[in-house]
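The values are calculated or read from the model by the stated rules, or taken from the named source; none is laboratory data. Note that the structure is a prediction, hence the values are computed from the model and not measured. Cβ atoms come from the backbone with ideal geometry, glycine included; neighbour counts cover every protein chain shown.
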Amino acid sequence: MSLSRCFRSAQLAFGMTSVSANARRDRIALVCFIVTVFGIVFLFSQAKGTRFLMPGPLSSAHSALGDCKSCHANSGEGKLDWILGLARGSPLADSKACITCHKIPDPAFNPHGATQTTLQRSTERLKKVAARLPVTHAARAQEIAFPTSDIAARDLPCATCHQEHQNSGVKLSKVTNAQCNACHIAKFDSFDGGHPEFKNFPFKKRTPIVFDHAGHFRKHYPELAKKDPTKTFPATCATCHGSRDGKNAMGVVGFEKTCSQCHRDQIIGKARASGPKGIAFLALPGIDLETLRAKRIDVGEWPEASEASLTPFMKVMVSRTARGRQLIEHADRLTLQDLSAANGEDLSVVASLVWEIKELFYQLIEGRASEALGDLTIGNGAKPDVVLAADLTAGLPRDVIVGAQQEWLPNLATEIAHRRNPNLAEAGSRGPTAQEPGRPAAPPPDTVPTVAQSDGGGKTAGAEREVSDGAPEDSKEAAEQAGPSEGASDGTGEAPPVTEPKVDTVRTNPQDCVLSLFGACVITKSNGSASVENDAVRNPPAFNGRSNLMRLGAGESAQPVAPHGSTEKIGSASALPTKGSTRYAEARQVPAGTGRKSDDLLSPTAEELRAIKAHAEAAGTKSSFGNAAGPASSNNALPDAASGTAAVPPSATQTSAPTIKIESAVDAETWAEYGGWYRQDHAIYYRPTGHKDKFLYAWLFLTGPQAKQDHSSPLGAVFQSLTGKDAQGACTKCHSIDGLTSGGRVVNFSPVSAANERGSFTRFNHEPHFNIMGEQGCLSCHKLEGQSPYLKSYEQGDPLHAVSNFGAVKKELCQGCHTQSKARQDCMTCHKYHVNGVTAPTTSTRTPDQ
Amino acid sequence: MLAAILQVAIFIAISSMLFWLVGIYGSALRDPRYLDGWILAVGMLVQLMFHVANRRARLKPSSAVRWRRFHVSLGYLLIAAFILHTDFTLPDTGLEWALWSGFVVIALSGVFGVLLAWSLKARMVLDEHPGYEHIARRRAELARDIHAVVAADNSDAAGSRLPQVPYDAWVRELYARQLDDFFSGPRNYASHLVGSPRPLKRLTDEIDTLSGYVDRPCQDKLQTVRELVVRKDREDFARVHLGLARAWPYLHMPVTYSLLALTVLHVVVVYAFSSGAW
């Protein structure tokens, strides 16, 4: 309408011209309409934003929200963009904005945030309840006129219950009984007005911690009381229980304050009457070597004395590859210690398994411990993170493995080198076959690889190094800088032609170790101590001692005595300097002129040696300082640091020096009485350190979800070994095991807490009820029922199949107070809508430098 | 009277039904403001149709009466719906205030118009009144008539030797003092607006009091004067009521149009910002 026409209308409307009253009224109405429209347009043009469109103030909790877009996903930025909201996208768009601040676990928009399974189960249960309840006319009318089933069947937007823009003081979380009744099949007005009877409340789900109250009250506490009659065990219920985490759960106080007095020894194994107190982690399983030999199957060296079994953990680690899995599956059907009935394929599998185990040991020394875990995955397919990987190996020291390898498989490096490079093996196996005892199987000296260990910083110097003329310059330099080395003992720096035969052999039985140094077998007794003598001949004592020092300086001493193929080889492989090797650096600085002298401080003098020998002879028993040629070898002759046996001084490695060994009456298992790693027989054990042992937790966490009931898989075997009745650590004596729908299982390590209460529709705040309890205290509501099959209910995996030590709470008990005239009785008093909780995450904060 | 009671009963019943319906709608996981809002919007549209029908269609008098009755009844129900929609609360924001004020003005003006028409006294007074346009003329006629009555001399001076009591003078004095002004224009607007008879009673009481002190002819004169005063008072009443009856639609209609514009904006905003609850 043009301005002139508008003006004319105004004239007519206000009676400036002669028109009828009705017409004038209409025109005034039209003018008002136009003025209103223009007013709105003016308002839009002048307003800074769209807040003037708000139907009311936001609640105080949301009052800081600046613009509409914060909550209204489709409102856009511009003044008129909000109109796009008419073309509705997802009905949950705004609700998704809600859960950016209010975190709700999935499925967030399902009724109650519960899963479809839970809802269906609840519906089925409530249908039975509803069948016994009268239905009001209003409820029936509502169901006919405005059915809610279609609404509840789809996702519920937050605004269904939480309606904003009401006022700053409105309580958004308020839910009325009518709203509850809208969906619920069982409709009733109030708690005392039709609420169904409780069914086994509050024991819908068994407690994560298995604690037989009846048994403890009947048996264990009286026994404690006999020991100390002045005390009451427990003093009160609050000795073990306390309300915490939002006051809704009466959680247990904690192991250290409650159970440790009696149960700690069970965890660390002190209370075990028989069997190993530690968990066999790595072991060389006993194998029927005779049969293998008879069938001429080459497995290299292997301890004949071993009677250990293949540990479940090793099965897991061997199974890290597809081939390994096949081997384990096959080997599980065999009796490794009796292969007399095995066919060719079986024996081949056993041989392959032996080599896999050797490879595993090799890798554990060569690489990181966590690498042995290979492609292990958690139940959901994710790889273990750094923390889990660390816990799975529990800080397994390399020295423990190195020590074991030196004792059990001293020639492992050579064997692996041959296996990886058959040419080497061919060159070295022109002698007798490897299976026969004492038959040398080492490669020719000029091609024998050596294993150089990483330094303390974990730097790996390569497992196999063959240095030739074409070796890198730095290697040569290192050899030169090392001064007189094994191959250049004359100090000239040139490599004398070494023509000695192999010094490392592959034997069925490892040779006795004559001298150990920090857990490493430095000198072995072979063929009448020929090795020692050869070494002594080849290398002057002082040099030999220093070469050992050099190995120590490298931080590790996993390799056997290095072969002397060439100067370059020795210089570069054995004496290659490594980072952080202080001792090695010190050794390198020894002046050439003093190279043949022994270290006065480290090596016993001739007098001292004589005195030691005399002392030993006088004692007439096994000397702590054994003779180099003496029978100072046993499985425990090379104990590692964890086994409690001290290392001998380096100078004792000299040819004429006796083997120095500190005997101890304390066996390795006892030495590790407070937990940790130790080696015994042909296995490396882990002894739990106490409650919340990370190693046990990590392995149970890892293997549980993948451990099927039949324990057929390696992971299942580990889980079974850690959860069995006599399992070390006894975790599952108190921590219950739940079955998963996937077939796996999970150990409940957390006690009752607010987090455990997730998924529960009912809440109960204990604290307000404390003041109404009578003389009986907690027993006012929780009656102890000693005859219930409480412990038996934990023999199956369904946590919902719960039997309690206590009687169920009846509705009548609550009805004593929660009536129309006394305590409140609306639905939300005892029930919660968001069963999985709603949390507000910590706001993101920019650091000052951002 | 019975019909009126029946109408009130029906209104209360329908309103209660509306409250109950919205109540169960709200309890069925729905936002009740959508239901009562749409009831309100559709009702307002139907009310607007009444206006259009009145203007555009040539309704028979009987149809017009039925339309009017429906319009009034629906109006009452819309007030109930409006109360439901606002949830018995006052608005918080400018736009809401505009909507609320618009509806309240329309509702009050409508109710006022209905009450005006429903007034028993008004019916009695105005049923035979020729119309607002004739009031001025009729008032002028009354003024002329009373002047003539008062000016007429009823004294019998020739037949009496003694000096006469000045009854006529008393009447004239009364006229000059009070009646002249009363008849010279519309008076007692506020009293007529609230239906108060007090100003009329004060005048008639004075006339009646005087009537007790005058002779028979003057009493007749005062009786005539009294009748003219009552007629003048009715004219004043008619002027107020007919004037208001003509005036309230000037408020009712334009504000309705403004509210229509605001309502359209309101509906668009509500649906544009809807967060999923219906």
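Below, the figures for the structure above:
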| item | result |
| --- | --- |
| Residue tally, condition within 17 Å of A:S793 (Cα to Cα), in contact (Cβ under 8 Å) with a residue 12 or more places away in the chain and surrounded by fewer than 18 Cβ atoms within 10 Å (Cβ to Cβ), over segment A:710-744 | 3 |
| Residue match in segment B:194-206 (condition: of a type outside the set (A, V, I, L, M) and in contact (Cβ under 8 Å) with a residue 60 or more places away in the chain) | yes |
| Residue list for segment A:688-709, restricted to those being over 12 Å from the mean Cα position of the chain (by Cα), assigned to a helix (DSSP H, G or I) and either among the basic types (K, R) or surrounded by fewer than 21 Cβ atoms within 10 Å (Cβ to Cβ) (or both) | A:P705 |
| Matching entry among B:V149, B:V194, B:V240, B:V225 (being surrounded by 14 or more Cβ atoms within 10 Å (Cβ to Cβ), under 34 Å from the mean Cα position of the chain (by Cα) and closer than 30 Å to B:L115 by Cα) | B:V240 |
| Single residue of A:S90, A:S75 found to be farther than 25 Å from B:T256 by Cβ, touching a Lys or Arg at 6+ places or on another chain (Cβ under 7 Å), outside any helix (DSSP H, G or I) and at pLDDT below 85 | A:S75 |
| Output for segment B:56-91, where each listed residue is surrounded by 12 or more Cβ atoms within 10 Å (Cβ to Cβ), at pLDDT below 85 and within 14 Å of another protein chain (Cβ to nearest Cβ) | B:L59, B:A64 |
| Selected residue (criterion: farthest from A:V31 (Cα to Cα)) from residues of segment B:268-278 that are more than 7 Å from chain A (Cβ to nearest Cβ) and not in a helix (DSSP H, G or I) | B:W278 |
| Qualifying residues in segment B:9-41 (those that are away from chain A (no Cβ under 14 Å) and more than 17 Å from B:I83 (Cβ to Cβ)) - the one surrounded by the fewest Cβ atoms within 10 Å (Cβ to Cβ) | B:A9 |
| A:A130 within 13 Å of chain B (Cβ to nearest Cβ), surrounded by 14 or more Cβ atoms within 10 Å (Cβ to Cβ) and under 23 Å from A:G193 (Cβ atoms) | no |
| Some residue of segment B:208-217 being over 18 Å from B:V171 (Cα atoms) and more than 14 Å from every other protein chain (Cβ to nearest Cβ) | no |
| Odd one out for A:S59, checked against (1) of a type in the set (G, A, S); (2) at pLDDT below 85; (3) touching an Asp or Glu at 6+ places or on another chain (Cβ under 7 Å) | (2) |
| Every residue from segment A:304-313 that is crowded, with 21+ Cβ neighbours inside 10 Å and either touching a Phe, Trp or Tyr at 6+ places or on another chain (Cβ under 9 Å) or closer than 15 Å to A:N411 by Cα (or both) | A:T311, A:P312, A:F313 |
| Sole exception among (1) closer than 30 Å to A:P705 by Cβ; (2) at pLDDT 85 or above; (3) in a loop (DSSP other than H, G, I, E, B) for A:H782, by number | (1) |
| Residue among A:D192, A:D212 that is of a type outside the set (A, V, I, L, M, F, W, C), at pLDDT below 85 and surrounded by 15 or more Cβ atoms within 10 Å (Cβ to Cβ) | A:D192 |
| Selection within segment A:19-30 - surrounded by 20 or more Cβ atoms within 10 Å (Cβ to Cβ) and either touching a residue at least 24 places away in the same chain (Cβ under 8 Å) or facing another protein chain (nearest Cβ under 8 Å) (or both) | A:R25, A:D26, A:I28, A:A29 |
| Residues being within 21 Å of the chain's Cα centre (by Cα) and closer than 21 Å to A:A29 by Cα - total across segment B:55-69 | 2 |
| Odd one out for A:N771 among (1) farther than 27 Å from A:R218 by Cβ; (2) in contact with a helix residue (DSSP H, G or I) (Cβ under 6 Å, 6 or more places away or on another chain) | (2) |
| Residues of segment A:155-191 satisfying the condition of being facing chain B (nearest Cβ under 7 Å), touching a residue at least 12 places away in the same chain (Cβ under 8 Å) and closer than 29 Å to A:R132 by Cα | A:Q179, A:N181, A:A182, A:C183 |
| Residue list for segment A:34-52, filter: modelled with pLDDT of 85 or more and facing chain B (nearest Cβ under 7 Å) | A:T36, A:V37, A:I40 |
| Failed item in (1) closer than 27 Å to A:V210 by Cα; (2) of a type outside the set (A, V, I, L, M); (3) buried (at least 17 other Cβ atoms within 10 Å of the Cβ); (4) touching a helix residue (DSSP H, G or I) at 6+ places or on another chain (Cβ under 9 Å), with A:F761 passing the rest | (3) |
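Conditions (1) modelled with pLDDT of 85 or more; (2) farther than 28 Å from B:D215 by Cα; (3) within 17 Å of the chain's Cα centre (by Cα), marked per residue:
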| position | (1), (2), (3) |
| --- | --- |
| B:T93 | yes, yes, no |
| B:S109 | yes, yes, yes |
| B:K121 | no, yes, yes |
| B:L126 | no, yes, yes |
| B:A140 | yes, yes, no |
| B:D145 | yes, no, no |
| B:R177 | yes, no, no |
| B:F182 | yes, no, no |
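This table checks each residue for (1) modelled with pLDDT of 90 or more; (2) more than 9 Å from chain A (Cβ to nearest Cβ).
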position	(1), (2)
B:L228	yes, yes
B:K232	yes, yes
B:R239	no, yes
B:L242	no, yes
B:P249	no, no
B:S258	yes, no
B:H266	yes, no
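Matching residues to (1) within 11 Å of chain B (Cβ to nearest Cβ); (2) of a type in the set (A, V, I, L, M, F, W, C):
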position	(1), (2)
A:S59	no, no
A:H62	no, no
A:D67	no, no
A:H72	yes, no
A:D81	yes, no
A:L92	yes, yes
A:K103	no, no
